[in-house]
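Notes for the one structure printed next.
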Amino acid sequence: MTAIDDRAAAAPHRGQSLRRKEDPRLITGRASYTDDLNITGQLHAAIVRSPEAHAKIVSIDTSAALERDDVVAVYTGEDMADLLGPLPMAWVPPGVDVQNPPHWPLARGTVKHVGDPVAIVLSEDRGAAIDGAEDVFVEYEPLPVCMDIETALEDGAALTHPEIGTNKCHEWSLGGGDIEAGFAAADVIVERRVVNHRVSGAPIEPRGVLADYRAGALTLHTSTQVPHFVRLFAALILGINEEKIRVIAPEVGGGFGAKLQVTGEEMLCSWASRKSGRPVKWIETRSEHMAVCHHGRDQVATVRLGATKDGRLTAIHSKILADMGAYLMLLTPAVPSLGAFVMSGVYDIPAVQTDITTVFTNKCATDAIRGAGRPEATHMIEVCMDQLADELGMDRLELRRKNFIPKDDFPHETALGIVYDSGNYEGALDLLMEKLDLPALEAEKAELAAKGIRRGIGYSTYTEICGLAPSRITGPEGFGLQTGLWESAIVRVTVTGNVVVYTGTSPHGQGHETTMAQIVADKLGVDPAQVEIMHGDTGTGAMGLGTYGSRTTAVGTEAVARAADKVVEKARSIVSHLLEAAPEDIEVHDGKFSVKGSPDKGLALAEVSGVAHVQPEKMPQGMEPGLEETSFYDPENFVFPFGAHACIVDVEEDTGKVKVVRYVAIDDCGPAINPMVIDGQVHGGIAQAIGQALYEHVMYDDTGQLVTGTFVDYALPTAAELPSFETDRTETPSPVNSLGVKGIGEAGTIAATPAVVNAVIDALKPLGVTYMNMPLGPEAVWTAIQEAGQ
Amino acid sequence: MIPAAFDYTVPGSLDEAIDALRDGGEDAKLLAGGHSLVPLMKLRLAAPTLLVDLRRVPGLHGIERQNGSWRIGAMTRHAELQDRHDDLGVVAHAAAGIADQQVRNRGTIGGSLAHGDSASDLPTILLTLEGTVTAMGPDGAREIAAADLFQDYLTTSLDPLEIITEVRMPAMDGWGHGYQKFTRRAEDWAMVGVAAVVRKNDDGTVAEARIGLTNMGSTPLRATAAEEALVGQPLTAEAIAAAAGHAADGTNPPADRNASEDYKRHLACVLTGRALREAAGLA
Ligand SMILES: Cc1cc2nc3c(=O)[nH]c(=O)nc-3n(C[C@H](O)[C@H](O)[C@H](O)COP(=O)(O)OP(=O)(O)OC[C@H]3O[C@@H](n4cnc5c(N)ncnc54)[C@H](O)[C@@H]3O)c2cc1C
């Protein structure tokens, strides 16, 4: 672990809470989002969407819309026969049969969920396009709907896709160790039905597209996390050569996975631009977003967790039913399996088995939303750990500590064959307990109870798998993703000695323009303000796979660091040549490439770059001019951040209302690049998880109508509902990459729901409540109290 | 998110406003703060052909004490009411709990009462205080008592050509008051809300109690059984608890995604207890 010592001695910017370089433009309204962009001659699109959850399209009458002066064109699915294929689904696990009904940008013959697109109306004016859409008359013949995954596989259930003959999409299992022997060795087994209900990513900027096809080339502005994917699939679906397509993600106002997608609207507007010969702009409304942008979670699991009577875990088995919705989108069926990789959490469990069955329903598709499968899995094991502790009559934390993978046992291969890179779970929990002041919290309990308020404390000790990559494991012959998941970066030193970095990732608010600049600045001996990070444009700079799966630091920034290292190497050669010193004696010190031991003898990066660009003849013989390097990076393993969270709730006994009064989070994502940026990610993640645990729920009624179509009905928590989070870190480096870093974008969301639920159950234990599922809205909690009292 | 096309006019007087409404036909609508009407238009659940904006009509503003009541101009924003707990009492209290500050900066008392949403707070307050609104129409002004104003879901007894010009809220000097609004999030409409005002006799027993319910029916309601149970009783925690148990008597609240009918009835009782304790100074 000598590498760590090197890092500890690293230059000054890393580890500091530098203010975010991107914030001035974001908070002064100077950033350009897709809706801020306009191209001369553009048309506005409105999409006619199905009000039915499942129906045959009998006829579409576009004549009234076309008669309007302000409508330029109306297209339906029939007009789009020239598409080369349906929308993509990128997961083909070897040897597993996945049903994948065709999913078109505009429905062909039937609609499968409320909001399914049926026609597109183009107009010079956005309002007129919407008016025109109201004048498209579609006759539907309603068909029976399938809305409940727990009955969807029964005989006689209405079929989402009758031509498949079943609502089952696929089955997939992942196991390791002897599961039967594991449960046979258990003295106590708890079995719980664990629900991870449907949520929306709900970025504040909904999606938006501005497509401009002209002279055989397509420029597609889209609010996306994955511009390179979009380009690839636009090429394949629209039949345009990849090099003729430029996809630009302008400022993107949040993604949370909702924009990790290749969407029908992107293909539709691009197609419509080619067809109409005009740029086409579509901006999603909030109501559209809630109805048709993919949702997340929606799993019902039966979890069995076994232990000996002294509290040694022997086996965990999760049987997961997952709701796919009506279609498979980019990663829809793969999401539950991402959770399976960490089903055993932070514990040393000899036998682990996860059996996944995925099911079609007449709802919007699910896909990756912040955490994607890992929040669900973490919820399963962490809620069941509390249940098991109760069953054993053992302290919840003692049970956890007893089964933690010990810190000297890393890298640790789990029963599944997954190798956890590094960890110190005890250390994180110790720090959490230090911050928590448990005695004070306990002391207030009695006083509160006298006022009808029940206080509860809940814990979650977690790890997660992120930094998606490594292609060797995730790729076609491994997990089955039909792409590699490497990253690339270009580091270019300008003539004047400033630095432009191109990354293939596509940050959208996380702060990577700052953190990447910190890393590069330290390596090259410049100020982070001199380092510009360019991203989100397939037409300029580096290839890559985008920003999701907490991969941009562990994979993308590592690629940047490696490219910067190559620049340093070249600069050292140049300097050693100029100063007539050995290259290995040149170090970056105080903003200079100087000779070891004589710090005043040296050249600043600007001087080196001056030579490389202006007087290349002074460079070593045969060396290419310029100071620019590229690196492609595909890690050997995932990274596994971890931590320990505690949630304190007060529950009103007479109404069931839950208030989160404190939330303390210890997270470990390796040595910090920028602690403030980490805090920001953790805060947002926890807020999103508290949202799921207590407030947010995408609900449909029995007929397939969406009940939560606006922010009045879909209850995103606001600052008023949340306490000020208390965060801290431990820093355990990852051996996987040279920076020692792990992802942190999803950790809060992955860790926090069980902490909240365990806290509520803890609060209500004196009233006889022993178990509850999310979401814990006031009526659900009140009802549980009533039922326990009977 | 984009409303259907409409015409827009900003009359300079009440007469002009009434004329504009008449000339605009049945789909002409008044616009006050726009925070109920415009969201409906953006979702295309309402499509008025003409909006008659009241913002330049003189005489619709101001809060004045006149004898035993407060005269509040119809265009008074919730934000102007929210900090006046000392004189406006429960009116200020309820206004302060409406949505968030942006909504309170725009929404008006006249708009709220004319919209007649039983989930909104000020209709309940008007009913509880037994206030009135003054409506001006082509045939002159008339005063409408709260109990006559609210007819059904989003339906009032206002004629389409009538404009609320002012609201009268009795000053309730010497009364104790409380308003309890139960929401999931701070900014939400009430799942259930309860207003309570109480006047005591010299011996400490209750002379008069009025209890109003938000979102417990198609209009704001009075919890008459609970009111009656309190009269003549000392204002103790026990008497309050006994009366609060009757708060939902006779109600048929609409169930929604957040609350079943039974739960709403339960909440009405719990909140009535809290509002009464607040009014009694026991909270
Ligand atoms: C996000 C959000 C949350 C909200 N939460 C709450 C809440 O918790 N509690 C609550 O009480 N309210 C809430 N509201 C509603 C808000 O208080 C509205 O402002 C109010 O209900 C209507 O007032 P307005 O002035 O905006 O009326 P407008 O929207 O302008 O008009 C409403 C209706 O009244 C008519 N009208 C307006 N003025 C007059 C008049 N003088 N005479 C006759 N008719 C008139 C209009 O034609 C229209 O039909 C919320 C609104 C929003 C947008």
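The values are calculated or read from the model by the stated rules, or taken from the named source; none is laboratory data. Given the structure is predicted, the values throughout are model-derived calculations rather than measurements. In this analysis, Cβ positions are derived from the backbone assuming ideal geometry, glycine residues included, and neighbour counts consider all displayed protein chains. These area figures cover heavy atoms from the full protein model, side chains too; ligands, DNA and RNA do not enter into them. Shrake-Rupley method; radii C 1.70, N 1.55, O 1.52, S 1.80 Å.
Numbers below:
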read-out	value
Under 5 Å, built H, 5+ apart or other chain: amide partners of B:Ala74	B:Glu166, B:Val167
Gyration tensor (alpha-carbon) shape descriptor, chain A, a/c threshold 1.5	oblate
Translational diffusion of segment A:413-566, µm² s⁻¹ [Kirkwood Rh, Cα pairs; Stokes-Einstein; 10 °C; 1.306 mPa s]	84 µm²/s
Shape category assigned to segment A:681-766 from the gyration tensor of Cα positions, a/c cut at 1.5	prolate
Heavy-atom accessible area, 1.4 Å probe, ligands and nucleic acids excluded: residues of segment B:244-283 down by at least 50 Å² from chain alone	B:Arg257, B:Tyr263, B:His266, B:Arg274
Over 32 Å between alpha carbons, listed pairs A:Lys259/B:Lys42; A:Lys168/A:Lys259; A:Lys21/A:Lys659	A:Lys21/A:Lys659
Computed Kirkwood radius, in angstrom, where 1/r is averaged over Cα pairs of segment A:103-148	12.5 Å
Spin-label model distance (nm) - B:Tyr8 vs A:Glu584, 7 Å beyond Cα toward Cβ	7.5 nm
Relative intensity, log₁₀ I(q)/I(0), of segment A:187-290 from a Debye sum that treats every alpha carbon as a point, q = 0.15, 0.17, 0.18, 0.23 Å⁻¹	-0.61, -0.74, -0.81, -1.19
Segment B:178-227 - Kirkwood radius from inverse mean 1/r over Cα pairs (Å)	12.0 Å
Approximate spin-label separation A:Lys659-A:Ala606, in nm, with each point projected 7 Å along Cα-to-Cβ	5.7 nm
Computed [θ] at 222 nm, deg cm²/dmol, chain B (DSSP H ≥ 4; -39,500 (n - 2.57); rounded to nearest 500)	-9000 deg cm²/dmol
Mean accessible surface per residue for segment A:426-484, computed with a 1.4 Å probe while every protein chain stays in place, in Å²	41 Å²
Accessible area per residue, Å², segment B:7-52 with all protein chains present, probe 1.4 Å	51 Å²
Segment A:568-623 - accessible surface per residue (Å², probe 1.4 Å)	54 Å²
Fraction of accessible area attributable to carbon and sulfur, segment A:1-131 (%, probe 1.4 Å)	50 percent
Mean shadow area of segment B:7-52, taken as a quarter of the surface of its Cα convex hull (nm²)	3.0 nm²
Accessible surface buried upon B-A contact (total; probe 1.4 Å; Å², nearest 100)	2200 Å²
Compactness of segment A:643-787 as Cα Rg over 2.2 N^0.38 Å, two decimals	1.19
Fraction of accessible area attributable to carbon and sulfur, segment B:148-251 (%, probe 1.4 Å)	47 percent
Inter-label distance, nm, simple model (7 Å from Cα along the C-beta direction), B:His61/A:Leu153	6.7 nm
Distribution of pairwise C-alpha distances over chain B, 10 Å bins, in %	7, 29, 34, 20, 8, 2, 0
Once the Cα gyration tensor of segment B:1-154 is diagonalised, semi-axes √(5λ) in Å	25, 19, 15
Shielding by partners - mean other protein chain Cβ count within 10 Å, residues of A:116-127	1
Tensor-based shape of segment A:222-340 (alpha-carbon gyration tensor, a/c under 1.5 rounded, otherwise prolate or oblate)	prolate
Euclidean distance of C-alpha centroids, segment A:172-243 and segment A:285-299, integer Å	13 Å
Rounded FRET efficiency, nearest 0.05, which uses the C-beta distance separating A:Lys244 from A:Glu617 and R0 of 35 Å	0.35
Helix-only CD estimate at 222 nm, as mean residue ellipticity for chain A, using -39500 (n - 2.57) per DSSP H run (n ≥ 4)	-8500 deg cm²/dmol
Spatially proximal lysines relative to A:Lys523 (Cα-Cα < 17 Å; intrachain offsets below 8 disregarded)	A:Lys566, A:Lys570, A:Lys592, A:Lys596
Full-stretch length increase - B:Asn201, B:Asp148 - with 0.36 nm per residue and alpha-carbon distance subtracted	16.2 nm
Principal axis dimensions, largest first and in whole angstrom, of segment B:63-170 by Cα	36, 32, 22
Percent accessible area from carbon and sulfur atoms, segment A:550-698, protein chains only, probe 1.4 Å	48 percent
Rg and Dmax of segment B:176-279, Cα atoms only, in Å	13.2, 46
Kirkwood hydrodynamic radius of segment A:436-493, Cα pairs, Å	16.5 Å
Kirkwood-based shape ratio for segment A:122-260, expressed as Rg/Rh from alpha carbons	1.12
Cβ-placed point charges (K, R +1; D, E -1), dipole of chain A about Cα centre in debye, nearest 20	980 debye
